[in-house]
Amino acid sequence: MDAPMTPASLSVRTVHGGAIAAHVDDLAGLRIAVFRAWPYLYDGDAAYEAQYLRTYVDSPRSVAVLAVDAGRVVGASTGLPLADEDNAFRAPFVAAGIDPARVFYCGESVLLPAYRGRGLGHRFFDAREAHARALGGFDWTAFCAVDRMPEDPRRPAGHRDNDAFWAGRGYRRRDDLRAALPWREIGRGDVLHTLTFWLRPLEAAR
(Lines give C-alpha, C1' and ligand atoms only; values in the text may rest on other atoms or scores of the structure.)
Protein backbone atom coordinates (compact mmCIF):
# COMPACT_ATOMS: atom_id res chain seq x y z
CA MET A 1 0.00 0.00 0.00
CA ASP A 2 1.42 3.37 -0.99
CA ALA A 3 2.13 5.89 1.76
CA PRO A 4 -0.12 8.98 1.66
CA MET A 5 1.37 11.89 -0.18
CA THR A 6 2.54 14.88 1.82
CA PRO A 7 1.22 18.19 0.45
CA ALA A 8 3.90 20.46 -0.95
CA SER A 9 2.36 23.21 1.16
CA LEU A 10 3.11 21.35 4.42
CA SER A 11 6.05 22.55 6.50
CA VAL A 12 7.37 21.95 10.01
CA ARG A 13 8.90 24.72 12.09
CA THR A 14 9.76 25.41 15.71
CA VAL A 15 9.13 28.32 18.04
CA HIS A 16 10.47 28.82 21.55
CA GLY A 17 9.54 30.38 24.86
CA GLY A 18 7.54 33.56 24.65
CA ALA A 19 7.11 33.20 20.89
CA ILE A 20 4.71 30.33 21.60
CA ALA A 21 2.17 32.91 22.81
CA ALA A 22 1.31 33.78 19.20
CA HIS A 23 0.22 30.15 18.65
CA VAL A 24 -1.67 29.45 21.88
CA ASP A 25 -5.07 29.58 20.17
CA ASP A 26 -3.90 27.10 17.51
CA LEU A 27 -2.43 24.77 20.13
CA ALA A 28 -5.54 24.97 22.30
CA GLY A 29 -7.83 24.24 19.35
CA LEU A 30 -5.78 21.22 18.32
CA ARG A 31 -5.63 19.84 21.85
CA ILE A 32 -9.38 20.20 22.29
CA ALA A 33 -10.11 18.55 18.93
CA VAL A 34 -7.59 15.69 19.06
CA PHE A 35 -7.87 14.84 22.76
CA ARG A 36 -11.66 14.58 22.49
CA ALA A 37 -11.06 11.14 20.98
CA TRP A 38 -9.97 7.97 22.79
CA PRO A 39 -8.04 7.54 25.01
CA TYR A 40 -8.24 11.03 26.53
CA LEU A 41 -11.95 11.74 25.98
CA TYR A 42 -11.25 15.35 26.93
CA ASP A 43 -14.21 17.72 27.03
CA GLY A 44 -12.23 20.78 26.01
CA ASP A 45 -12.09 23.86 28.18
CA ALA A 46 -10.57 27.15 26.98
CA ALA A 47 -9.74 28.28 30.53
CA TYR A 48 -7.90 25.03 31.26
CA GLU A 49 -6.00 25.36 27.98
CA ALA A 50 -4.91 28.92 28.72
CA GLN A 51 -3.55 27.87 32.12
CA TYR A 52 -1.85 24.72 30.79
CA LEU A 53 -0.17 26.43 27.83
CA ARG A 54 0.98 29.38 29.95
CA THR A 55 3.66 27.08 31.37
CA TYR A 56 5.22 26.74 27.90
CA VAL A 57 4.99 30.46 27.15
CA ASP A 58 6.66 31.30 30.46
CA SER A 59 9.53 28.81 30.07
CA PRO A 60 12.41 30.38 28.11
CA ARG A 61 13.69 26.88 27.21
CA SER A 62 10.42 25.46 25.89
CA VAL A 63 9.73 24.44 22.30
CA ALA A 64 6.65 24.05 20.14
CA VAL A 65 6.98 22.15 16.88
CA LEU A 66 4.29 23.21 14.40
CA ALA A 67 3.06 21.41 11.30
CA VAL A 68 1.64 24.07 8.99
CA ASP A 69 -0.33 23.50 5.79
CA ALA A 70 -1.02 26.59 3.69
CA GLY A 71 -0.81 28.81 6.76
CA ARG A 72 -3.01 26.59 8.94
CA VAL A 73 -1.53 24.80 11.97
CA VAL A 74 -2.62 21.17 11.52
CA GLY A 75 -0.40 19.55 14.13
CA ALA A 76 1.89 20.45 16.98
CA SER A 77 4.01 19.04 19.76
CA THR A 78 5.58 20.72 22.77
CA GLY A 79 8.41 20.22 25.21
CA LEU A 80 10.23 21.93 28.06
CA PRO A 81 12.60 21.11 30.90
CA LEU A 82 10.75 19.06 33.50
CA ALA A 83 12.02 21.49 36.14
CA ASP A 84 9.79 24.14 34.53
CA GLU A 85 6.68 21.95 34.70
CA ASP A 86 4.02 21.78 37.39
CA ASN A 87 4.80 19.82 40.54
CA ALA A 88 2.32 17.10 39.54
CA PHE A 89 4.77 16.15 36.75
CA ARG A 90 7.95 16.61 38.79
CA ALA A 91 6.92 14.82 41.99
CA PRO A 92 7.03 11.23 40.64
CA PHE A 93 10.63 11.73 39.52
CA VAL A 94 11.68 13.21 42.85
CA ALA A 95 10.07 10.24 44.63
CA ALA A 96 12.00 7.84 42.36
CA GLY A 97 15.32 9.58 42.99
CA ILE A 98 15.55 11.12 39.49
CA ASP A 99 16.53 14.78 39.41
CA PRO A 100 13.88 16.68 37.39
CA ALA A 101 16.61 19.08 36.26
CA ARG A 102 18.11 16.20 34.23
CA VAL A 103 14.86 15.42 32.39
CA PHE A 104 13.41 17.10 29.31
CA TYR A 105 9.66 16.62 29.23
CA CYS A 106 7.86 16.09 25.93
CA GLY A 107 4.30 17.31 26.20
CA GLU A 108 1.54 16.53 23.75
CA SER A 109 1.76 15.58 20.11
CA VAL A 110 -1.53 16.45 18.40
CA LEU A 111 -2.21 15.99 14.71
CA LEU A 112 -5.41 16.22 12.69
CA PRO A 113 -6.45 12.80 11.33
CA ALA A 114 -5.99 13.76 7.66
CA TYR A 115 -2.26 14.34 8.27
CA ARG A 116 -1.44 11.12 10.10
CA GLY A 117 0.73 8.41 8.57
CA ARG A 118 3.05 10.93 6.91
CA GLY A 119 5.98 10.66 9.33
CA LEU A 120 5.12 13.79 11.28
CA GLY A 121 5.09 11.89 14.59
CA HIS A 122 8.76 11.04 14.10
CA ARG A 123 9.56 14.61 13.09
CA PHE A 124 7.91 15.89 16.26
CA PHE A 125 10.05 13.61 18.43
CA ASP A 126 13.20 14.35 16.39
CA ALA A 127 12.75 18.09 16.83
CA ARG A 128 12.09 17.94 20.56
CA GLU A 129 14.98 15.58 21.25
CA ALA A 130 17.29 17.77 19.15
CA HIS A 131 16.15 20.81 21.15
CA ALA A 132 16.92 19.02 24.42
CA ARG A 133 20.40 18.08 23.17
CA ALA A 134 21.06 21.65 22.05
CA LEU A 135 20.09 22.98 25.47
CA GLY A 136 22.38 20.46 27.17
CA GLY A 137 22.32 19.10 30.69
CA PHE A 138 19.67 16.42 30.22
CA ASP A 139 20.06 12.67 30.77
CA TRP A 140 16.52 11.74 29.75
CA THR A 141 13.59 12.70 27.58
CA ALA A 142 10.19 11.68 28.92
CA PHE A 143 6.48 11.93 28.29
CA CYS A 144 3.38 10.49 29.94
CA ALA A 145 0.25 8.80 28.60
CA VAL A 146 -3.13 8.18 30.20
CA ASP A 147 -3.85 4.68 31.50
CA ARG A 148 -7.07 3.02 30.33
CA MET A 149 -8.41 -0.43 31.14
CA PRO A 150 -8.32 -2.79 28.12
CA GLU A 151 -11.94 -3.75 28.75
CA ASP A 152 -13.20 -0.13 28.85
CA PRO A 153 -16.40 -0.21 26.74
CA ARG A 154 -15.55 3.18 25.26
CA ARG A 155 -12.43 1.83 23.52
CA PRO A 156 -13.07 1.99 19.75
CA ALA A 157 -13.11 -1.31 17.91
CA GLY A 158 -9.74 -2.00 16.30
CA HIS A 159 -7.99 0.80 18.19
CA ARG A 160 -4.20 0.45 18.23
CA ASP A 161 -2.22 2.07 21.02
CA ASN A 162 0.99 3.96 20.33
CA ASP A 163 3.13 1.67 22.51
CA ALA A 164 4.94 0.08 19.54
CA PHE A 165 5.73 3.48 18.04
CA TRP A 166 7.07 4.80 21.33
CA ALA A 167 9.13 1.66 21.93
CA GLY A 168 10.54 2.00 18.42
CA ARG A 169 11.71 5.49 19.37
CA GLY A 170 13.63 3.99 22.30
CA TYR A 171 11.16 4.89 25.05
CA ARG A 172 10.38 2.48 27.85
CA ARG A 173 7.33 2.53 30.07
CA ARG A 174 8.13 3.16 33.73
CA ASP A 175 5.37 1.81 35.93
CA ASP A 176 7.11 3.34 38.95
CA LEU A 177 6.58 6.84 37.54
CA ARG A 178 2.96 7.91 37.55
CA ALA A 179 1.12 11.21 37.79
CA ALA A 180 -2.50 11.96 38.69
CA LEU A 181 -4.12 14.75 36.68
CA PRO A 182 -7.74 15.93 36.55
CA TRP A 183 -9.61 16.97 33.42
CA ARG A 184 -13.21 17.14 32.32
CA GLU A 185 -14.17 13.95 30.54
CA ILE A 186 -16.98 13.64 27.99
CA GLY A 187 -20.19 12.68 29.76
CA ARG A 188 -18.50 12.30 33.16
CA GLY A 189 -17.40 15.73 34.31
CA ASP A 190 -14.15 16.23 36.23
CA VAL A 191 -12.24 12.96 36.61
CA LEU A 192 -8.83 12.28 38.17
CA HIS A 193 -6.74 10.29 35.68
CA THR A 194 -3.58 8.24 36.13
CA LEU A 195 -0.80 8.76 33.57
CA THR A 196 2.36 6.67 33.28
CA PHE A 197 5.69 8.06 32.13
CA TRP A 198 7.87 6.69 29.35
CA LEU A 199 11.62 7.49 29.40
CA ARG A 200 14.47 7.42 26.91
CA PRO A 201 18.16 8.07 27.63
CA LEU A 202 19.25 11.20 25.79
CA GLU A 203 22.54 10.69 24.07
CA ALA A 204 24.93 13.63 23.73
CA ALA A 205 24.79 15.87 20.69
CA ARG A 206 27.20 14.87 17.96
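Annotation: Thr194 carries an accessible surface of approximately 60 Å², with a 1.4 Å probe and no ligand, DNA or RNA atoms counted. In this view, the solvent-accessible surface of Tyr105, computed with a 1.4 Å probe and all protein chains in place, comes to about 10 Å². In plain terms, the chain from Arg155 to Val12 could stretch by 48.4 nm, reckoned as 0.36 nm per residue minus the Cα-Cα distance.
About the centre of its Cα atoms, the chain shows a dipole size close to 460 debye [charges on the beta carbon of Lys, Arg (+1) and Asp, Glu (-1) only; nearest 20 debye].
For the chain, the share of accessible area belonging to carbon and sulfur comes to 53 percent (1.4 Å probe, ligands and nucleic acids excluded). Indicate the gyration tensor shape class of the stretch 57-168 (rounded, prolate or oblate), computed on the Cα atoms with a ≥ b ≥ c the square roots of the eigenvalues: a/c under 1.5 is rounded; otherwise a/b larger than b/c is prolate and the rest oblate. Judged from the Cα gyration tensor, the stretch 57-168 comes out oblate (a/c at least 1.5, b/c at or above a/b). Taking every alpha-carbon pair under 8 Å whose residues sit at least 6 apart, the chain reaches a relative contact order of 21 percent.
Rounded to the nearest 20, the size of the Cβ-charge dipole of the stretch 148-206 about its Cα centre is 200 debye, with Lys and Arg at +1 and Asp and Glu at -1. Solvent-accessible area per residue in the stretch 1-112 equals 45 Å², computed with a 1.4 angstrom probe and all protein chains kept. Across all directions, the shadow cast by the convex hull of the stretch 110-188 built on its C-alpha atoms averages 7.6 square nanometres. Using a ≥ b ≥ c from the Cα gyration tensor of the chain (square roots of the eigenvalues), is it rounded, prolate or oblate, where a/c under 1.5 gives rounded and otherwise the larger of a/b and b/c decides, a/b for prolate? Because its axes are fairly even, with a/c under 1.5, the chain counts as rounded. Of the residues His159, His193, His131, the one that moves most in a GNM of the chain with alpha-carbon contacts below 10 Å is His159. Measuring with a 1.4 angstrom probe and ignoring ligands and nucleic acids, Trp183 comes out at about 20 Å² accessible.
The values are calculated or read from the model by the stated rules, or taken from the named source; none is laboratory data. This is a predicted model, so every value here is computed, not measured. Methodologically, a virtual Cβ is constructed for each residue, glycine included, from the backbone with ideal geometry; neighbour enumeration extends over all protein chains shown. Surface accessibility is based on the protein's heavy atoms, side chains included, excluding ligands, DNA and RNA. Shrake-Rupley method; radii C 1.70, N 1.55, O 1.52, S 1.80 Å.
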